[in-house]
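Peer 1: What follows is a structure written as structure tokens; I'll ask about it next.
Every number in this text was worked out from the coordinates using simple rules, so none of it is lab data. Keep in mind the model is a prediction, meaning the values are calculated, not measured. No Cβ is skipped: glycine too gets one built from the backbone with ideal geometry, and neighbour counts run over all protein chains shown.
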Number of protein chains: 2
Amino acid sequence: MEVFGSNQTGNTVQSIVRDFLSVHHLVDSTAVVAVSGGPDSVALLLLLHELAEPLQLRLVVAHLNHQLRGEDSDSDEAFVRRLAQNRHLPFFSERADINALASRPGISLEEAARQYRYAFLGRIAKLVGANAVFVGHNADDQVETVLMHFLRGSGLAGLRGMLPSISLAALRLPLFALPEYAALDNIWLYRPLLAVPRSVITQYLANASITPRFDRSNLDTTYFRNRIRHELLPFLKTYNPQIGNALWQMSATIREDYAFLAAIMERTWQESCRSATEKAVTFDLTIWRTLHVAQQRSLLRRAAWHLRRQLRDFDFEAVEHARHFLSAPGSTAGQQISLPGRLRLTMSYDCFIVHDARVSPPATGPQLSVAELTLMWPGETRLPGTDWRLQVESVERGALPANWMVDLWQTWLDADKINASLILRRRRPGDRFLLLGMAGHRVKINELMINRKIPRWERAQWPLVCSGDDILWVPGVRAGAVAAVDAKTVRLLHLRLDRLAADDGSH
Amino acid sequence: MEVFGSNQTGNTVQSIVRDFLSVHHLVDSTAVVAVSGGPDSVALLLLLHELAEPLQLRLVVAHLNHQLRGEDSDSDEAFVRRLAQNRHLPFFSERADINALASRPGISLEEAARQYRYAFLGRIAKLVGANAVFVGHNADDQVETVLMHFLRGSGLAGLRGMLPSISLAALRLPLFALPEYAALDNIWLYRPLLAVPRSVITQYLANASITPRFDRSNLDTTYFRNRIRHELLPFLKTYNPQIGNALWQMSATIREDYAFLAAIMERTWQESCRSATEKAVTFDLTIWRTLHVAQQRSLLRRAAWHLRRQLRDFDFEAVEHARHFLSAPGSTAGQQISLPGRLRLTMSYDCFIVHDARVSPPATGPQLSVAELTLMWPGETRLPGTDWRLQVESVERGALPANWMVDLWQTWLDADKINASLILRRRRPGDRFLLLGMAGHRVKINELMINRKIPRWERAQWPLVCSGDDILWVPGVRAGAVAAVDAKTVRLLHLRLDRLAADDGSH
């Protein structure tokens, strides 16, 4: 069988591994090799050991005893220990109670074993100061993985299959979301045999007169993968005898297409996401409307992933449901839809928010969490629990800009018209506001807020600048008339409400 | 069975078709409906007919009699004719000798029928002045198509399946590459039932008490598609009962990812492709080296497609072979590799060329197709068969720029040192050139050309500016000493060799 994806039939498994190490700059470093005792990992260990000296690789062998095959499991461990010791390589093993781990609801035996295995490898790598972990997945494993994703209807992320290299921190290991498993960012997982078919590995071991312990391909995999390997793939070969090669090449093509797209989608996220916290992701609606369908879908999937790392059912229908809601003419500010994973999408005026359904959508404007606050004058007052601040300073008459009414987030008042202390408070029932330039007309605060498109859920805690019984200024809304600057004004107060986070740019 | 990809179970087939027509702005126009007599196309005709009046759609029914089912074929035709006549719709039919067409080497019966069918529909559309052609492919057809591409290991272009709309000009119809089938760009093919499962269509017809002529799904498709429908898909349902829905959604996701990528790749092509003719595509090597693997692959596939529209075997291995050649340190100018489809890739200095293997790679520099040419003086001489021209003009001494030796594509000569007429000719054996500033040193023309990195295959026809026995200037290479400007020079000749195509930017 030819090596997958290669047009040079002269390629040996040795040269493939050598090229792999060279491409990934794996020289002069400590590396953990995961060895189960099956053919792939045994071949991997032998191949790496051949190259270790010239490349100055310090290999460490790690074996996880899954205790799933009774006494055979212990014999596997002894076999791998001997392999390592005969080559004078450090050996680490651990007995894992996978059955206990898999007894948690919703965790299959294979998934529990997978998470334990990678967590264990990460731990050993940190222990020995390695930043590389080698595992033995081969080209046939890759084809099976692609097929499994295909059967689930996966998008590009699944169809690209396993990656030749990936940061351990990027693996999903929810069972091991513990502090001691943090900071795996600098440890990378490598799969040097990902382009080598199983048959080539078998031949290599036969040539080396090594008999591995067991064929992992038949034993420690799930019923589903086994059916794919022993039933579906042989069946698909009756449609295309080269199906293995075809799917391997497909995954290699899609892997790069995906990586290229992902880089562009990252930029899209940076440009259109206003904020992303644990509870909510806010997108700019104006930018959103200019995006390609593929970008919109990518943003929604990423928002769901950001809020719910373990969510698996945020599928095509959820994405399309959200997209259609966002483009429907009837979707106006304040309207919401429910999404899978207890998420909710709330429409606002110039943005929309994907958020935890159990909390209100986060405010995008300033919010006053206390009933009232006395303002420093001159000075700066922080709105408690937010990154908003109100600055008050005394300025000369000449400092009043010609266009002072344009920016709704700052205002200038006549200091001599302010008789009581300046306070910041929330609206009260019946609050009315004397508008500048409207000849004594007092309007309801609520009406003003609706006109200025302040989201309904932000109005109750919107800060108002007052003095005594008078509302002097509604930041972001309108300048007031009570302490307005006029021809006789001598001393001015300059008030400005803004956010500390200068990189945000939005109010 | 639920409608694929929709989360609103209330969607009827009628509303899906109505939305489809609305999204594609199909109102107040003439449209051809392709009706075979099978359930899909009969349902399509009835559904479109229901909407024709309110939307002011003028429907024309077209039926191709494939003559593959004996008398049944004629009965099919009669059935469709009655369907049309009962609704007072214009009816066009044609008897096609598909068997004769399929007798050509390498053309399957289904492929011959496919090409004939679309060519026929394009002809009828042009005849009646329609710019829309409707065909009845349904959601199950789409799933089967995706599966067929998957089995072949197709990339994104295949996995997206059939498109809801596509220009007829974009279909591959090599058997009908005739003038009368040109200009199909403005005729679009639409598939309004692409999201509707076969079962829904069957139910719709049963409700309407219409019995279609035959189930196309069982009869007029190939053995391969039939196996997929009746054998593979039922088998895959034992792995995922929702496989149809899963694959349909996968195709819908990938369709948009592909479209988004394609737009970016188009820009990449515009930026990195220096020229693209029928025989050769030239890429800028400097830009190439900055590109992502996904972009490089896309450019190579597109170059192959540009030169060989019908080439099907320019596969993963060909693309990777080319990429590795281009990045190999040993690949220097003049080296070549063979690619499928009688194509060849030739490395040059700052570019590389994918070209017809039967011709030399095209010159990127100026080439003289005749042995000798007398120059107009002053005036402009075109190099025959190229877009290169040599301009000669008399200028004042003061017009000589200070940096006149920097640009190798123009030179200034002392007019009084030129005794014979100016000619342009190719190099001759033993040609030597007296270099300016090299104190009488005469070098071989060939050595000079190698130093200046003129591709080997361009040297023989490189134009030299001569007078009598003297070579005065080698454009793009070096200024000469024979008629060089010196302190006593009074009258100057300014020579400039450049291309007419100003947008090219490269020499």
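Peer 1: Quick check for me: using +1 on Lys/Arg Cβ and -1 on Asp/Glu Cβ, what's the dipole size of chain B about its Cα centre, in debye to the nearest 20?
Peer 2: Computed charge dipole of chain B: roughly 1260 debye.
Peer 1: Translational diffusion coefficient of segment B:112-188 at 25 °C, 0.890 mPa s, Stokes-Einstein with Kirkwood Rh over Cα pairs, in µm²/s as a whole number.
Peer 2: The calculation lands on 180 µm²/s.
Peer 1: Treating the angle as unsigned and between 0 and 90°, give the value, to the nearest 10°, between the Cα long axis of helix B:316-327 and the longest Cα principal axis of chain B.
Peer 2: Taking Cα atoms only, the helix is inclined about 20 degrees.
Peer 1: In whole angstrom, how far apart do the alpha carbon centroids of segment A:391-426 and segment A:305-344 sit?
Peer 2: 42 Å
Peer 1: Among B:His292, B:His355, which comes first, second and so on when ranked by fewest other beta-carbon atoms within 10 Å?
Peer 2: Going from least to most buried by this count: B:His292, B:His355.
Peer 1: Hey, got a sec? Which GluC sites (Glu not before Pro) in segment A:389-467 land in a DSSP loop and have at most 16 other Cβ atoms within 10 Å?
Peer 2: Details: sites: A:Glu393, A:Glu396, A:Glu447, A:Glu458; in loops: none.
Within segment A:389-467, no GluC sites (Glu not before Pro) qualify (loop, at most 16 other Cβ atoms within 10 Å).
Peer 1: So, with +1 on the Cβ of K and R and -1 on the Cβ of D and E, and no other charges, what is the size of the charge dipole of segment A:357-486 about its Cα centre, to the nearest 20 debye? Could the numbers behind the result be given before it?
Peer 2: Values: 17 positive and 14 negative charges, 151 e Å.
I would put it at about 720 debye.
Peer 1: Any idea what log10 I(q)/I(0) is at q = 0.14 Å⁻¹ for segment B:201-289, Debye with uniform C-alpha scatterers and no solvent?
Peer 2: Debye output, listed in q order: -0.81.
Peer 1: Checking the cross-link filter: which aspartates and glutamates have an alpha carbon closer than 12 Å to that of A:Lys279, excluding same-chain neighbours under 8 positions apart?
Peer 2: Leaving aside aspartates and glutamates fewer than 8 places away in the same chain, those within reach of A:Lys279 are A:Asp356.
Peer 1: Follow-up. Need the list of aspartates and glutamates near A:Lys453 for cross-linking: C-alpha distance under 19 angstrom, and skip anything on the same chain fewer than eight residues off.
Peer 2: List returned: A:Asp284, A:Asp350, A:Asp407, A:Asp431, A:Asp498.
Peer 1: Positive end of the dipole of segment A:112-220, charges at C-beta (+1 Lys, Arg; -1 Asp, Glu), about the Cα centre: which of A:His137, A:Ser167, A:Ala183 has its Cα farthest in that direction?
Peer 2: The listed residue farthest towards the positive side: A:Ala183.
Peer 1: Let me see the pair-distance distribution of chain B: every alpha carbon pair, 20 Å bin width, integer percents in order.
Peer 2: Percent of Cα pairs in each bin: 19, 38, 24, 16, 4, 0.
Peer 1: Next question. Counting helices only, and only those DSSP H runs with n ≥ 4, report the 222 nm mean residue ellipticity of chain A as the sum of -39,500 (n - 2.57) divided by its residues, in deg cm²/dmol to the nearest 500.
Peer 2: Numbers: 17 runs with 182 residues, N = 507.
So the helix-based figure for chain A works out to -11000 deg cm²/dmol.
Peer 1: Taking the Cα centre of each part, how many Å lie between segment A:235-294 and segment B:448-499?
Peer 2: Segment A:235-294 and segment B:448-499 have Cα centres separated by 54 Å.
Peer 1: Taking segment B:405-507 as the region of interest, what is the percent of Cα-Cα pairs per 10 angstrom bin, listed from the shortest bin to the one with the maximum distance?
Peer 2: Whole-percent P(r) values from 0 Å outward: 15, 48, 30, 7, 0.
Peer 1: Using the 2.2 N^0.38 Å rule of thumb for compact globular proteins, work out how segment B:344-475 stacks up: its C-alpha Rg over that value, please.
Peer 2: This ratio for segment B:344-475 stands at 1.14.
Peer 1: Would you kindly state how much longer the chain becomes between B:Ser108 and B:Met376 on full extension, computed as 0.36 nm times their sequence separation minus their alpha carbon distance, in nm to one decimal?
Peer 2: Fully extending the segment from B:Ser108 to B:Met376 adds 90.5 nm.
Peer 1: With charges set only on the Cβ (+1 for Lys and Arg, -1 for Asp and Glu), what does the dipole of the protein assembly as shown come to about its Cα centre, in debye to the nearest 20? Before the final figure, lay out the partial values.
Peer 2: On the way: 116 positive and 104 negative charges, 68 e Å.
The calculation lands at about 320 debye.
Peer 1: Give me the inter-chain shielding for A:293-302: mean count of other chain Cβ atoms within 10 Å, whole number please.
Peer 2: For peptide A:293-302, the averaged partner shielding equals 3.
Peer 1: Another question, if that's okay. List the distances, in nm to one decimal, from the label point of B:Ser29 to the label points of the same position in every other copy, shortest first, placing each label point 7 Å from Cα along the Cα-to-Cβ direction.
Peer 2: 5.6
Peer 1: Identify all aspartates and glutamates with a Cα-Cα distance to B:Lys237 below 15 Å; exclude those on the same chain that are fewer than 8 residues away in sequence.
Peer 2: A:Glu231, B:Asp140, B:Glu144
Peer 1: Suppose you put the label 7 Å out from Cα in the Cβ direction; list, shortest first and in nm with one decimal, how far B:Asn451 is from each other copy's label.
Peer 2: 8.1
Peer 1: Return the loop-located trypsin sites (Lys or Arg not before Pro) in segment A:280-346 (DSSP other than H, G, I, E, B) with at most 14 other Cβ atoms within 10 Å of their own Cβ; answer none if there are none.
Peer 2: In loop regions of segment A:280-346 (DSSP not H, G, I, E or B), the sparsely surrounded trypsin sites (Lys or Arg not before Pro) are A:Arg289, A:Arg309, A:Arg312, A:Arg342.
Peer 1: Please determine, in degrees from 0 to 90 and to the nearest 10, the orientation of helix B:39-55 with respect to the longest principal axis defined by the Cα atoms of chain B, where the helix direction is its Cα long axis.
Peer 2: Tilt relative to chain B: about 80 degrees.
Peer 1: To continue, here is another question. How well do other chains shield peptide A:146-153, expressed as the mean number of their Cβ atoms within 10 Å of each residue Cβ? Before the final figure, lay out the partial values.
Peer 2: Numbers: counts 2, 2, 2, 1, 11, 7, 7, 13.
That average works out to 6.
Peer 1: With the label 7 angstrom out along Cα to Cβ, how close does A:Ser199 come to the same site in each of the other copies, in nm, nearest first?
Peer 2: Computed spacing set for this position: 4.0 nm.
Peer 1: Which of A:Thr286, A:His306, A:Thr268 sits farthest toward the positive end of the charge dipole of segment A:244-312, with +1 on the Cβ of Lys and Arg and -1 on the Cβ of Asp and Glu?
Peer 2: A:His306
Peer 1: Using the Cα atoms of the protein assembly as shown, I'd like the radius of gyration and the largest Cα-Cα distance, Dmax, both in angstrom.
Peer 2: 36.9, 104
Peer 1: Further question: Would you give the gap between the C-alpha center of segment A:146-173 and the C-alpha center of segment B:82-120, rounded to a whole Å?
Peer 2: Here the two parts' Cα centres lie 43 Å apart.
Peer 1: Under the definition of partner shielding as Cβ atoms of other protein chains within 10 Å of a residue Cβ, what is the mean value for peptide A:247-259?
Peer 2: 6
Peer 1: Now a separate question. In 5 Å bins starting at zero, report the fraction of Cα pairs in segment A:28-176 per bin as a rounded %.
Peer 2: The distribution over segment A:28-176 is 2, 9, 16, 20, 21, 17, 10, 4, 1, 0, given as percents.
Peer 1: Explain nothing, just compute: Karplus ³J(HN,Hα) = 6.51 cos²θ - 1.76 cosθ + 1.60, θ = phi - 60°, for every residue of segment A:239-245 in order, whole Hz, x for Gly and Pro.
Peer 2: 8, 9, x, 9, 4, x, 4
Peer 1: Would you mind estimating how fast segment B:1-106 diffuses translationally, via Stokes-Einstein at 37 °C and 0.692 mPa s with the Kirkwood radius over Cα pairs, in µm²/s?
Peer 2: For the chosen part, D equals 210 µm²/s.
Peer 1: For chain A, what does the relative contact order come out to in percent, with C-alpha contacts under 8 Å and a separation of six or more?
Peer 2: The value is 11 percent.
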